């Protein structure tokens, strides 16, 4: 039924191609007249698009629970409270700082893996802590948060390029950003 309505609806809403130029009058309505090819193609394309849309959207709209293919458009909230985040943030920061021996040894792949693993946990913790702070403190904390994770990303790129000088530079920036953040939140 929905597919039939989806096919009928576009054909009912499309304007009919009429003869608007002066000249010969159109043949009477009781004679058999073929539609122009462009109009037929337009109708076929619109009905095909409506059919595809109805097939794609019908399962997501009809299910009460969100399925695997459905979009979740709710506002994202931190997955943990600020108290939970504050309890483990120092551990995750320490794990992030423990990549120094890997950088010194030139273990670039291991450095990247450790950096990514520890940075993701720290990022989630710091986000939850910043969101729980009063509005007046957030802009400065967000700037520090941005500086910290820009340094982490740059360090990751430097490790990919096996650039020891830049890895050391970004490590020091990352460590100083962490110290500034902890001075403000603890």
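The values are calculated or read from the model by the stated rules, or taken from the named source; none is laboratory data. Since the structure is predicted, the reported quantities are computational estimates derived from the model, not experimental observations. Because the Cβ atoms are built from the backbone with ideal geometry, glycine has one as well, and the counts that use them run over all protein chains shown.
Restricting attention to region 157-177, the residues that are over 16 Å from residue 93 (Cα atoms) and part of a helix (DSSP H, G or I) total 10. With a requirement of 2 or more residues that are under 22 Å from the mean Cα position of the chain (by Cα) and surrounded by 18 or more Cβ atoms within 10 Å (Cβ to Cβ), the helices (runs of 4 or more DSSP H) lying completely within region 78-139 that satisfy it span 108-132.
Can you find a residue in region 162-176 that is modelled with pLDDT of 90 or more and under 21 Å from residue 83 (Cα atoms)? Within region 162-176, not a single residue is modelled with pLDDT of 90 or more and under 21 Å from residue 83 (Cα atoms).
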